[in-house]
Amino acid sequence: MAIYATDDDYRAYNNLAAEAELPDNVTSLLRAASLAVRMYTSVCVYLVDDGDLPVEQSVRDAFRDATCAHATALNKLGIDPDKGGAVDVSVKASKSISGASFSYSTVEQENAAQVRQQVATGIAPSARQILDAAGLNSTGPWRAG
């Protein structure tokens, strides 16, 4: 399977300085994100090279950016693709620090859990938007040419 983004792409997408540390599992994040992008675009028609990478630069760029967006979402949500698909979608309901306590509403908890589940098992909303904007989705028109 093709991996659509490199460590340097991830760094550039996140505006990280050259010396900034990447997540320890960045390769796994990019691999999992590439698979999510591939699954989301599975009914799209585009030319690929011998390495299964899109030939058209605009398609390649969209795949790269969507891969970086999804990998970033996985990382920020603490979803580790190396854990064999186990997903903990629980969200903290309350927190206390030095006598002060905070509670979160059920709606916020449910929304957070839904987003976490969506990113863990599908594709991040930001990655989906990138692909949709490029016309790379299962609901858009197919272009002949």
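Summary table
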item	result
Accessible surface, per residue, of segment 12-91 when the full set of protein chains is kept, probe 1.4 Å, Å²	57
Set of segment 27-41 residues, backbone N closer than 15 Å to the point 7 Å along the Cα-Cβ line of LYS83	29
Solvent-accessible surface (1.4 angstrom probe) belonging to TYR10, in square angstrom, nearest 10	10
Per-residue HN-Hα couplings for segment 26-42 [Karplus 6.51, -1.76, 1.60; θ = phi - 60°; Hz; x = Gly/Pro]	4, 5, 5, 4, 5, 5, 5, 5, 4, 5, 4, 5, 4, 5, 5, 9, 4
Whole-Hz ³J(HN,Hα) from phi, Karplus 6.51 cos²θ - 1.76 cosθ + 1.60, for segment 58-69, glycine and proline x	5, 5, 4, 5, 5, 4, 4, 5, 5, 4, 5, 4
Mean Cβ neighbour count within 10 Å, used as a protection proxy, ranking 28-34, 65-71 highest first	65-71, 28-34
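The values are calculated or read from the model by the stated rules, or taken from the named source; none is laboratory data. The structure displayed is predicted, hence computed values, not measured ones. All Cβ positions, even for glycine, are placed from backbone atoms using ideal geometry, and neighbour counts span all protein chains on display. Ligands, DNA and RNA are excluded from the accessible area calculation, which covers all protein heavy atoms including side chains. Shrake-Rupley method; radii C 1.70, N 1.55, O 1.52, S 1.80 Å.
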